[in-house]
Structures are given as C-alpha cells and as structure tokens.
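Since the structure comes first, as structure tokens, the remarks are kept for the end.
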Amino acid sequence: YLNFTRSEEPNGIDGKPMLNRYSTHLTREHDFPGAQAMLYAAGVPDKLTMKTAPHVGVASVWWEGNPCNMHLLDLGKEVKKALTARGMLAWQYNTIGVSDAITMGNQGMRFSLQTREIIADSVETVTCAQAHDANITIPGCDKNMPGCIMGMARHNRPSLMIYGGTIDKGYSETLRKPINVATCYEAFGAYTFNTLRQPDDGGDTSKTKDDIMDDLERHACPGAGACGGMYTANTMATAIESMGLSLPGSSSTPASSPAKMRECAKAADAIKVCLERDITPNKLLTKKSFENALVITMALGGSTNAVLHFLAMAITAGVDLTLDDFQRVSDKIPFLADLAPSGKYYMADLYEIGGVPSVQKLLIAAGLLDGSIPTVTGKTLAENVASWPCLPSDQVIIRSLDNPIKSSGHIQILRGNFAPLGAVAKITGKEGLKFTGRARCFDKEAQLNEALNRGEIPRGQNLVLIVRYEGPKGGPGMPEQLKASGAIMGAGLTNVALVTDGRYSGASHGFIVGHVCPEAAVGGPIALVADGDEITIDAESNSISMAVSDQELERRRRDWKPPKPVVTRGVLAKYAALVGDASHGAVTDLL
Ligand code: FES
C-alpha cells in the first residue's frame, strides 16, 4: 500500500504523546490553509484543537431499509459524542452496503459480495484522503465486517470495530415458536410442497399456508439488528472480537440493548488508548489472532462464509492463512454451540448467559483460544474477559468440552477431482459424514428454484444438485444459494446434497458444499460434470469426487466453451474482471 506521510515525532504539545500523526501535516503550519479553513467550517472549534486533536473517522455502514444497518448512523452519533467529549475530532461518514436477506435469491444477490470490496475501498479512501489519525467502523450486515477490517488493514491506522449488534428473536403465533428470517425461507419450501401447517399440539390448526407465511414475514424481524443465529454477521463479529479488534461483548450485545450504546462511549476510550500506544491493525491482525478467529468459529458453528472472509482479511493484512489452516483447526476444535441454523438458540440467548466473552473465557481456560493476543483495549484478550462471568452451570446453549455436539469442527475443506483447488462444506454431523448420489446439474440457481417450484426434484433418490456458473467471476459475485437450500430443507428433501461454486448463507444447513474451486466460469471440473454422474462427498477423507475417468473429463474439457459474460458494463463487469478465486478469498486487489 501507499506509504502515507506520518509524523514520527514522539511528543506533541506539553510532552504528551502525539495523537495526530497523520492530520498534523495538514494542520500544524500554514502549508494547507485551505484545508484548515474547511476544517474550521466543518466544526473544529479553535486553534488549539486544530493543532493537537486527533481526527477520528467514524464509518457507519448505514442505510435505511434493512434491520441490520438502519440504526448504525445513530450508533455513530453516540460515538462522535463520546469522542468529542474526550477532546478528539470525530468525522462521521458512511459507506454503502446491501442486505443479504433482501437480495437473497434474486438478481440483487450478485451485488452482495462485491460490496465487501466497496466498503474496504471506502474506508481506505476516506481515511487516507482526509488524513484521519484513527478509524472506528460500525458495520451490521454480513459483508460489512470483513469489508471494514480489510479497509483498516489497508490504511493501518489505529482502528476498532463496533458491531451493530444482533437482532432480538421473533415469535410466530401460528407456529407457536421463536422464529427468525431463515424460518421464512425454510417455510417457503414447505409452502411450495403444500406441507406448511400449524403444529399438531392441540392448539389452533385453522390457519392456511398463506396465513402462516404472512405471520412469519410479519414477525421474523422484530427490530434493529443483524440476523440472530450463528449466521455470517454474528460469525464475523464473534471472530473479530476474538481477534482483539472490537470491545469485549461487542458481538453478542443485541442491537436494541442499552449496552450497545454504552459500548459506543467505551469505544472512544479504547481508540484513545490505541492512538496513545500506537496499536495499529497490523499489530492485531496476526497469524495468532486469525487462529483465534478460526477456533471460535468452529466452536460456535459459524458460517462457511467465514472461510472466504478470513482468507480475504488475511491476504489484505499480509498474513499467511490458507484453506489448510481451516481443516487443521476444524480437526482439533469441538463444535459446542446449539445455535441456529443447525441448533435451537440465538445470539440473544447467548447474551443472556454471558455472551461471547464467557465462551472465550471457557476456551482460553482450556488452552484452545490464545488469551495472550493484544486487543484494542490495550489489554490482552485474557485480561479483557478475566472479570466476565463464567457460563452458568445449568445453561444448555454451549456444551461442555467433554460433551460436545461433535468432537471436531463443522467446516470441512474438501478436495478431489471435482474441486482440485478446494471446496468448503459445512458438516454438523446431523446429516451424516458421507453422501453419494447422482448429479443433476443447473446452470444458475434460478434453474434449480424453478425445478423446485415445479416439484421436479424427486424424493427417494440420492441426488447431488449442482448449481454452477455462480462463482466469483461466473455469478458474477458468488451469490448465496439460501433460497434453494432453505427450500430443500423446508420441503424435507433429506436425501439431497447441494453443491455449488457459489456460496451459502450462514443460515443454510443440510448437506451442502460451496466455494467449489476452480469455478465453472473458468472451466473448472464443476463445469464438466453431467447429469447422472456419480458424486461422492466424504467428510472423513475430506474429499469430493466424481466417478468420471480422466480421459472422459479431458474429452468433455475439449468440448467445453466458456460462457458469454453475464454482464459487460458497470460495477459487476469491473468486479468480474478483477476478482480472484474463492480459495484466495475472492479479493479484487491481487492484481
Ligand atoms: Fe443482514 Fe442477515 S441480512 S445479517
């Protein structure tokens, strides 16, 4: 990255640590009088503040129309208030983002992953262009968190992240149970197969399938906050907190909780510590902290999207992290959490029993999580959680280490003649560890959804449904297949595996394999598989293979023609031209 000017003068006025090491070049003399004139107009109150106060950019990934993000401007205002009270200059700005749930299953989803790059680009751009001395980011929805961390890694100035927080649980009166947004997608499968009914528990059974869908849509999201299970947003927030880049409890504090507002004030204290001690992202984004991210993700059953995002964050930070690290950590870390999507509980439930710091405390005590890593508080991770309560002995959300749900992690890295450069499977053990079936191929998810809607996927046969040309370049944008996976689960198609070069939402579950690499659009083997080929997914040998000879594959390769690009202009065309493969995080700046 560009070597931006930074003053190395150790002390500012009165011998205190110099906190405005970047902005001082604009503000100390009269070399940039226009800049100072503009800054006075924007709110710098006096000359002393102009000369000494650090400039802190406060980047909310804010927009209306999505519960994950709609409150982030208000959190930013709270942060600004706290920064100002502590003598710092706070400059709020925001980056774009999109809602994964709203874009899901339609053409909009192609725009989702590329927003991670736009967020990183925005944070890097504003921080460097405006000569900010520090940066606080406030993300909410899935791609926001890795985008913010990638932006921080690029500008490498003292930074921390405040997670917007998890949503509260919804409740369905018709199904008489807690629900969340993923319930809507799963119900859609049952709706399609006319099996969506009220429970047979002696209560009301008069509601039609449309009444039930109306109820679910109306009550799944009760207010602000990111999707409530261990889906991508909560996964990324949990991992980033375990890397030391956000305050203790940030990832499990619900968006609606007064504690989230208090976190905003504490963030101002922490960023001052980071400025005073020169705690920069490159000191926090280390191999050890990524190891922690992997450990907590495996223990809590986090989203497969974490694989893509951790790789992208590591590549951006110059940390040597590969797919093999995921398998190594998955092999040794037990899966402990009964959290949605595979389990019963939500992040809001985990908050009630102590939250993520209590889980970290458990894992540190067991020697699984590294408590010695530095964090944005200026203390180590272990010091941060030392006074946090232990998980109560009678809680049922986090299993004990000697009684895990599964003795190893749920994320498996698969390789084989189907995916020579790797694929990512989420295996919780509930679906079994091995699956063999006949391929049924769909070019694009829409084709599969149409087949599901027409009831064309038969029950009673072992099928491997292949959705291809949905990779980073081919999608473009590696769209998530939540609609298909949710519909398959909801329809009760239990003898079906879903394999794609696209992604799955963190809310997906079942026998699913994504991120198949190389992708179909560049001629990977997934482009060559044909209906009826036998496919075997084996989570014990970490393989995904097709029973097709090398000669036959070679013959098919000679006949294969690259598809025409889906888009030729605009942001997705630029993205498709720049993006790298999924096994290297699908970043756009490895040129
Ligand atoms: Fe934003 Fe799920 S749609 S976290």
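The values are calculated or read from the model by the stated rules, or taken from the named source; none is laboratory data. Please read all numbers here as calculations on a predicted model, not as lab measurements. Cβ coordinates were reconstructed from backbone atoms using ideal geometry, including for glycine residues, and neighbour counts include every protein chain displayed. The area values use the complete protein model at the heavy-atom level, side chains included, leaving out ligands, DNA and RNA. Shrake-Rupley method; radii C 1.70, N 1.55, O 1.52, S 1.80 Å.
For Gly422, the residues whose amide H sits under 5 Å from its own are Gly416, Cys517, ignoring neighbours fewer than 5 places away on the same chain, with H placed 1.01 Å from N.
Backbone phi angles across the range 389-397, fed through the Karplus curve with coefficients 6.51, -1.76 and 1.60 (θ = phi - 60°), yield HN-Hα couplings of x, 6, 4, x, 5, 9, 6, 10, 8 Hz in residue order; Gly and Pro are listed as x. For the Cα atoms of the chain, what angle does the longest principal axis make with the long axis of helix 323-332, in degrees from 0 to 90, nearest 10? Taking Cα atoms only, the helix is inclined about 80 degrees. When the surface is traced with a 1.4 Å probe over the full set of protein chains, Asp349 keeps roughly 20 Å² accessible. Net charge dipole, the chain: roughly 680 debye, given to the nearest 20, about the Cα centre with Cβ charges of +1 for Lys and Arg and -1 for Asp and Glu. The portion of the accessible surface of the chain made up by carbon and sulfur, rounded to a whole percent, is 53 (1.4 Å probe; DNA, RNA and ligands excluded). For the range 523-575 versus the range 12-75, the spacing of their alpha-carbon centroids is 50 Å. For the range 180-290, the Cβ-based charge dipole about the Cα centre amounts to some 800 debye (Lys, Arg positive; Asp, Glu negative; other atoms uncharged). For the range 196-328, the gyration tensor built on C-alpha atoms gives an oblate shape. Its axis ratio a/c (a ≥ b ≥ c) is at least 1.5, and a/b is not larger than b/c. Projecting the Cα positions of Ala153, Gly203, Tyr346 onto the charge dipole of the chain (unit charges on Cβ atoms of Lys, Arg, Asp and Glu, taken about the Cα centre) puts Ala153 furthest along the positive direction.
For the range 422-568, with the dipole built from +1 on Lys and Arg beta-carbon atoms and -1 on Asp and Glu ones, taken about the Cα centre, which of Gln461, Gly490, Pro518 lies farthest toward the positive end? Result: Gly490, furthest along the dipole toward the positive end.
Here the range 186-247 and the range 384-458 have alpha carbon centers that stand 18 Å from each other.
When GluC sites (Glu not before Pro) are flagged only if DSSP places them in a loop and at most 10 other Cβ atoms lie within 10 Å, the longest unflagged stretch of the chain comes out as 65-455. For Lys80, the aspartates and glutamates whose Cα comes closer than 17 Å to its Cα, not counting residues fewer than 8 places off in the same chain, are Asp133, Glu263, Asp269. The stretch between Asp443 and Val273 holds 56.0 nm of extra length on full extension. This uses 0.36 nm per residue minus the Cα-Cα distance.
Over the chain, the alpha carbon radius of gyration divided by the compact-protein estimate 2.2 N^0.38 Å works out to 0.98. Computed from backbone phi with θ = phi - 60° and the Karplus coefficients 6.51, -1.76 and 1.60, the 3J(HN,Hα) list for the range 26-42 is 8, 10, 6, 10, 10, 5, 10, x, x, 4, 5, 4, 5, 5, 4, 4, 7 Hz; x is used for glycine and proline.
Which of the listed residues, Ser303, Tyr504, Pro563, is farthest toward the dipole's positive end in the chain, when Lys, Arg count +1 and Asp, Glu count -1 at the beta-carbon? Result: Pro563. What angle do you read, to the nearest 10 degrees and between 0 and 90, between the alpha-carbon axis of helix 305-317 and the longest principal axis of the chain? Roughly 40 degrees, rounded to the nearest 10.
Among the cysteines of the chain, those with no neighbouring cysteine Cβ under 4.7 Å are Cys128, Cys148, Cys184, Cys221, Cys227, Cys264, Cys274, Cys390, Cys441, Cys517. Of the Cα atoms belonging to the range 394-446, the radius of gyration and Dmax stand at 15.9, 49 Å. Close amide H contacts of Ser172 (hydrogens built in the peptide plane, cut-off under 5 Å, sequence separation of 5 or more or a different chain): Lys177, Ile179. Summarising the amide proton neighbourhood of Lys207: residues at separation of 5 or more, or on other chains, whose placed amide H is nearer than 5 Å comprise an empty set. Fraction of C-alpha pairs exceeding 22 angstrom in the range 265-419: 47 percent, rounded to a whole number.
Straight-distance candidates among the aspartates and glutamates for linking to Lys473, with alpha-carbon spacing under 17 Å and chain neighbours fewer than 8 residues away dropped: Glu117, Asp443, Glu445, Asp501, Glu519, Asp581, Asp589. What is the diffusion coefficient of the range 166-221 in µm²/s, taking the Kirkwood radius over Cα pairs and the Stokes-Einstein relation at 10 °C with a viscosity of 1.306 mPa s? Value of D from the Cα-based Kirkwood radius: 141 µm²/s. Normalised radius of gyration (Cα atoms, divided by 2.2 N^0.38 Å) for the range 409-536: 0.94.
Shown in residue order for the range 236-249 are the 3J(HN,Hα) couplings computed by the Karplus curve 6.51 cos²θ - 1.76 cosθ + 1.60 at θ = phi - 60°: 5, 5, 5, 5, 5, 5, 6, 8, x, 9, 9, 6, x, x Hz (x for Gly and Pro). Charges were assigned to the Cβ only: +1 to each Lys and Arg, -1 to each Asp and Glu. The resulting dipole of the range 378-426 about its Cα centre is roughly 280 debye. The residues of the chain expose on average 38 square angstrom of accessible surface per residue, using a 1.4 Å probe on protein heavy atoms. The alpha-carbon atoms of the range 57-192, seen along their principal axes, cover 55, 32, 20 angstrom, with the largest extent given first.
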